[in-house]
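The values are calculated or read from the model by the stated rules, or taken from the named source; none is laboratory data. Note that the coordinates shown come from a computational prediction; the quantities given were computed from them, not determined experimentally. Counting neighbours? That spans all protein chains shown, and the Cβs are built from the backbone with ideal geometry, glycine included. Each accessible area value is taken on the protein alone, full model and side chains, heavy atoms only, with ligands, DNA and RNA left out. Shrake-Rupley method; radii C 1.70, N 1.55, O 1.52, S 1.80 Å.
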Amino acid sequence: MSEVQTSPCVPQVKAFFDEPTNTFSYVVRDPDSNACAIIDSVLDFDYASGSTDVRSADEIIAYVRDNDLSVEWILETHVHADHLSAAPYLHQALGGKTGIGAFITVVQDTFGKAFNAGSEFVHDGSQFDHLFEEGDRFNIGNLEGYVLHTPGHTPACLTYVIGNAAFVGDTLFMPDYGTARCDFPGGDARTLFRSIKKVLSLPNETRIFLCHDYKAPNRDEYCHETSVLEQRQHNVHVHEGITEDEFVRMRTERDDTLEMPRLILPSVQVNMRAGEMPPAEDNGQVYLKVPINLFK
């Protein structure tokens with residue numbers, strides 16, 4: 001992926017793509033210093049064998065070190081249901097504070113019970129270094145960022161606005177693909193519509209960086225960047241003129257046809273723990289649970 005050459009107050013953004021999970025991760029850099037943040041990292045996971053790999057994270061580490069960058073933040077836009085986070089591995093290698101939305105506690109409560117995580121798993125978000133709320137501000141070197149709480153896909157979804165760039169997680173996809181699903185526990189289509197309107201109230205020229213792309217029909221390339229104006233004019237689900245009720249009806253009908261993400265069961269168990277695995281059992285082995293007939 002190419003880098004965007006920028007001026008002050010406009011971050012440099014480097015994208016990394018993990019095709020098995022269709023996930024884009026980002027290194028966001030202050031152009032006036034060596035400070036950077038990492039957003040939505042991936043720990044490679046083979047479900048069939050139960051094995052993990054760090055090749056995707058190592059690609060990010062190599063980029064950070066080759067460019068003599070200093071990691072100040074390792075950020076999650078939400079508790080992902082389609083890939084495992086590499087945040088602990090990156091934190092150990094590069095430092096930086098881990099951050100996620102404050103409503104992670106709602107997600108932890110829901111899925112802690114669903115997976116019967118036990119008393120060792122606390123539901124207070126303390127697994128992360130910082131819990132962000134609406135309007136919170138943070139710095140990456142001389143760059144100032146702020147947070148929009150954009151729930152609907154999950155209760156804890158955030159958009160990080162850094163300079164002229166917005167990192168929206170799963171809230172939006174490319175205009176020709178649409179919007180996030182809302183059928184996970186705590187999801188809500190009406191809430192998502194209102195969150196999207198919040199994002200699309202940013203200036204037209206704001207660059208929008210996406211967490212996923214699946215190639216829309218008649219498009220052969222994976223894409224990760226669009227703009228507020230492009231979304232307003234062309235998003236197939238929420239372009240200007242679409243009413244909230246129309247969106248809710250479309251989103252609900254569409255979600256009824258979708259299968260659960262392939263990696264949702266391992267992903268949620270790990271990501272609600274800030275990327276850490278569940279504790280080992282008395283034989284020293286770590287296990288991930290598969291609840292039978294719970295999620296249909």
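Given the criterion without any contact (Cβ under 8 Å) to a residue 40 or more places away in the chain, at positive phi and in contact with a Ser or Thr (Cβ under 7 Å, 6 or more places away or on another chain), identify the matching residue among G95, G125.
G125
Among the residues of region 267-282, is any open to solvent by 80 Å² or more (accessible area, probe 1.4 Å) and touching a residue at least 12 places away in the same chain (Cβ under 8 Å)? Quick ask: steps written out before the conclusion?
Let us first name the residues in region 267-282 that are open to solvent by 80 Å² or more (accessible area, probe 1.4 Å), namely 276, 281-282.
Still in the running and touching a residue at least 12 places away in the same chain (Cβ under 8 Å): 276.
Yes, some residue in region 267-282 is open to solvent by 80 Å² or more (accessible area, probe 1.4 Å) and touching a residue at least 12 places away in the same chain (Cβ under 8 Å).
Mind listing just one residue for me: the one in region 194-220 that is of a type in the set (S, T, Y) and in contact (Cβ under 8 Å) with a residue 40 or more places away in the chain and, of those, nearest to H237 (Cα to Cα)?
S195
Would you mind finding the one in Y146, Y63 that is open to solvent by 20 Å² or more (accessible area, probe 1.4 Å) and over 23 Å from L192 (Cα atoms)?
On the way: Y146 fails: over 23 Å from L192 (Cα atoms).
The unique qualifying residue is Y63.
What number of residues within region 8-52 satisfy the criterion of being touching a Phe, Trp or Tyr at 6+ places or on another chain (Cβ under 7 Å), in a strand (DSSP E or B), open to solvent by 10 Å² or more (accessible area, probe 1.4 Å) and among the polar types (S, T, N, Q)?
Residues in region 8-52 being touching a Phe, Trp or Tyr at 6+ places or on another chain (Cβ under 7 Å), in a strand (DSSP E or B), open to solvent by 10 Å² or more (accessible area, probe 1.4 Å) and among the polar types (S, T, N, Q): 1 in total.
May I ask you to list the residues in region 208-235 that are closer than 19 Å to Q12 by Cβ and in a strand (DSSP E or B)?
Once the filter is applied, which keeps residues that are closer than 19 Å to Q12 by Cβ and in a strand (DSSP E or B), region 208-235 yields I208, F209, E225, T226, S227.
Please determine, by comparing only the residues of region 125-143 that are surrounded by fewer than 19 Cβ atoms within 10 Å (Cβ to Cβ) and more than 14 Å from A274 (Cα to Cα), which one is modelled with the lowest pLDDT.
Top of the filtered list is N142.
I want to confirm something. Restricting to region 172-181 and keeping residues that are in contact with a His (Cβ under 6 Å, 6 or more places away or on another chain) and assigned to a loop (DSSP other than H, G, I, E, B), which single residue is farthest from F247 (Cα to Cα)?
Here the answer is P175.
Restricting to region 72-85, count the residues that are open to solvent by 10 Å² or more (accessible area, probe 1.4 Å) and either over 30 Å from G187 (Cα atoms) or without any contact (Cβ under 8 Å) to a residue 60 or more places away in the chain (or both).
Number of matching residues: 1.
Residue by residue through region 248-289, note down the ones that are over 16 Å from the mean Cα position of the chain (by Cα), part of a loop (DSSP other than H, G, I, E, B) and under 29 Å from L172 (Cα atoms).
Within region 248-289, D256, T257, L258, E259, M260, R262, E276, M277 qualify.
Return yes when V122 is open to solvent by less than 30 Å² (accessible area, probe 1.4 Å) and not polar (S, T, N, Q) and no when it is not.
Here the answer is no, as V122 does not meet what is asked.
Would you confirm, using the coordinates I've provided, whether D40 is on the phi > 0 side of the Ramachandran plot and in contact with a strand residue (DSSP E or B) (Cβ under 7 Å, 6 or more places away or on another chain)?
Here the answer is yes, as D40 does meet what is asked.
May I ask you to say which residue of T191, T257, T243 is hydroxyl-bearing (S, T, Y) and touching a residue at least 24 places away in the same chain (Cβ under 8 Å)?
Details: T257 fails: touching a residue at least 24 places away in the same chain (Cβ under 8 Å); T243 fails: touching a residue at least 24 places away in the same chain (Cβ under 8 Å).
None of the other options fit; the residue is T191.
Return yes when S85 is under 19 Å from the mean Cα position of the chain (by Cα) and either modelled with pLDDT of 95 or more or of a type in the set (G, A, S) (or both) and no when it is not. Walk me through it before giving the result.
Values: under 19 Å from the mean Cα position of the chain (by Cα): yes; either modelled with pLDDT of 95 or more or of a type in the set (G, A, S) (or both): yes.
Considered against the rule, which asks whether it is under 19 Å from the mean Cα position of the chain (by Cα) and either modelled with pLDDT of 95 or more or of a type in the set (G, A, S) (or both), S85 comes out as yes.
Whether any residue in region 159-173 is touching a Lys or Arg at 6+ places or on another chain (Cβ under 7 Å), in contact (Cβ under 8 Å) with a residue 40 or more places away in the chain, open to solvent by 40 Å² or more (accessible area, probe 1.4 Å) and under 20 Å from S33 (Cα atoms) is what I want to check.
There is at least one residue in region 159-173 that is touching a Lys or Arg at 6+ places or on another chain (Cβ under 7 Å), in contact (Cβ under 8 Å) with a residue 40 or more places away in the chain, open to solvent by 40 Å² or more (accessible area, probe 1.4 Å) and under 20 Å from S33 (Cα atoms).
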